[in-house]
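Please read the structure below before turning to the comments.
Coordinate-derived values only; no laboratory data. Quick caveat, the model's predicted, so the values are computed rather than measured. Every residue, glycine as well, gets a Cβ built from its backbone with ideal geometry; the counts of neighbours run over all protein chains shown.
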Amino acid sequence: MRAHISIRRPEECCGCGACVNACAPGAITMQEDEAGFIYPAVDEALCVNCGRCVDVCVFTQKEEGANGAPQVYAAAVKDKSVLKDSSSGGIFTAIADAVLDKGGVVFGASWTDDLTVEHTGVSDRDGLAALRGSKYVQSSTGDTFSQVKKLLKDGRYVCYSGTPCQIAGLKAFLGAEYENLLTVDLVCHGVPSMKMLRDDLDFVSKGNVSGIRDIRFRDKQYGWGTRGSFLCGDSKVKYNAGTSAYYFYFLKGEVYRESCYHCRFPSEGRQGDITLGDYWGVREELISEMGGADPELGVSCVLVNTEKGKRWFSAIGNSVCVARTDRASVEKRNKQLTAHSTPLPEHSALLNGYIKTGYAAFRKGYKKHIKDHVIRTAKNMIPSRIKRKLSNILF
């Protein structure tokens with residue numbers, strides 16, 4: 001009799017949800033641990049020991065990634081309204097539009113009414129706005145893998161965007177190649193838990209979480225970078241490393257789930273047909289080649305990893321400003337393309353402190369980083385054009 005999935009060590013589960021979608025009896029649910037990270041829990045009374053959950057686990061069945069030389073681009077959409085509403089160059093929206101034009105469905109991470117982040121599918125342009133923008137937290141994939149499989153078998157085009165481990169989980173669950181599926185993975189540093197984010201929002205909003213809406217981890221009112229905001233009641237609240245312990249520790253890479261510090265995808269190849277990220281430090285000559293792009297509003301790095309990806313990226317050519325570049329120049333400021341994040345000295349203490357005392361542990365540690373806060377504030381005062389010039393010199 002085949003055993004069901006069992007997580008022996010936290011680094012052996014990325015929380016992708018493939019096992020939940022694969023379980024026909026519905027015996028598996030994702031449950032939060034003490035720190036809020038989600039792991040599969042099996043109801044023994046419902047489990048029939050079919051072993052399907054083990055078969056689709058990305059830690060037991062490794063999906064081969066794209067290991068060839070990708071086509072690499074600097075790119076940004078021409079539509080300024082889309083660009084301003086996106087975290088970097090807005091390329092996800094351009095790709096999504098192409099899929100929707102073929103009557104397809106696009107899946108990505110979206111905020112829910114109760115301020116959690118879940119994957120959802122949209123079939124029209126009005127729904128795309130909710131999928132735009134970075135969400136610096138782990139999203140729940142729910143039953144979207146099952147939804148995708150049904151859509152694909154019905155002949156619909158599907159675009160699924162997510163972290164590399166989520167894309168790997170989807171592919172393992174599907175168990176077959178589908179020509180009508182386009183996968184888009186992200187340059188991912190790692191993910192904290194939803195519980196951590198909820199605690200932080202409660203603190204920053206001074207207990208008015210129910211009044212929060214329109215959370216943006218990357219608000220371009222403050223320029224293309226890592227400064228965000230949210231609306232709370234009638235006020236706009238700045239949300240960044242200077243106001244939020246969660247945001248600060250996310251950028252430092254201190255509070256990710258354990259699997260993020262053991263992520264194999266940088267070394268085993270990209271999981272998506274296309275990879276999207278920020279083109280930090282984009283060179284001035286590339287901006288000139290892009291013709292008409294405004295670097296103040298963001299530029300994406302795009303890795304086109306498969307033949308399918310090439311076809312779809314070619315289809316959006318008229319809607320984007322683009323310049324060919326090389327992977328090495330992108331990797332200089334996107335280290336997660338070559339290596340997983342490494343836990344820094346505070347990680348264990350922060351995690352254990354959070355489990356014991358809650359959000360107070362984050363605040364206690366956060367107050368000790370006065371030097372970091374001063375340096376970050378100073379950097380934020382430097383115009384982005386000057387930052388790019390400095391970056392070109394240093395890197």
Answer in debye to the nearest 20: the dipole magnitude of the stretch 217-276 about its Cα centre, from +1 Lys/Arg and -1 Asp/Glu charges placed on Cβ, is 180
Once normalised by the length of the chain, the mean sequence separation of its alpha carbon contacts under 8 Å that are 6 or more apart gives a contact order in percent of 21
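Students often get this wrong, so check it: of K220/K252; K252/K308; K84/K308, which have C-alpha atoms separated by over 24 Å?
Values: K220/K252 21 Å; K252/K308 35 Å; K84/K308 28 Å.
Check vs 24 Å cut-off fails for K252/K308; K84/K308.
Please arrange T93, T120 by counting, for each residue, the other beta carbons lying within 10 Å of its beta carbon, fewest first. Before the final figure, lay out each step's value.
Values: T93 23, T120 20.
By the 10 Å Cβ count, ascending: T120, T93.
Where does the chain land at 222 nm, in deg cm²/dmol rounded to the nearest 500, when only DSSP H runs of n ≥ 4 count, each adding -39500 (n - 2.57), divided by all residues? Present the calculation step by step, with values, prior to reporting the outcome.
On the way: 16 runs with 131 residues, N = 395.
The helix-only estimate for the chain comes to -9000 deg cm²/dmol at 222 nm.
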Assertion target for W224, W312, ordered by fewest C-beta neighbours within 10 angstrom first, is W312, W224
D (µm²/s, integer) via Stokes-Einstein for the chain, Kirkwood Rh across alpha-carbon pairs, 25 °C, 0.890 mPa s: value 113
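Taking R0 as 51 Å, what's the FRET efficiency between S210 and N318 from their Cβ-Cβ distance, rounded to 0.05? Each step should come with its number before you reach the end.
Details: r = 44 Å, r/R0 = 0.86.
The pair S210/N318 has a calculated efficiency of 0.70.
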Projecting the Cα atoms of A129, S140, T338 onto the charge dipole of the chain, where Lys and Arg contribute +1 and Asp and Glu -1 at Cβ, the residue farthest towards the positive end is T338
Ranked output for segments 197-205, 71-79 by mean other Cβ atoms within 10 Å, highest leading, reads 71-79, 197-205
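Would you mind ranking C159, C188 so that the residue whose beta carbon has the fewest other beta carbons within 10 Å leads the list?
Details: C159 28, C188 22.
The fewest-first ordering by Cβ neighbours comes to C188, C159.
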To the nearest 20 debye, the chain has a Cα-centred charge dipole, built from +1 on Lys and Arg Cβ and -1 on Asp and Glu Cβ, of 1280
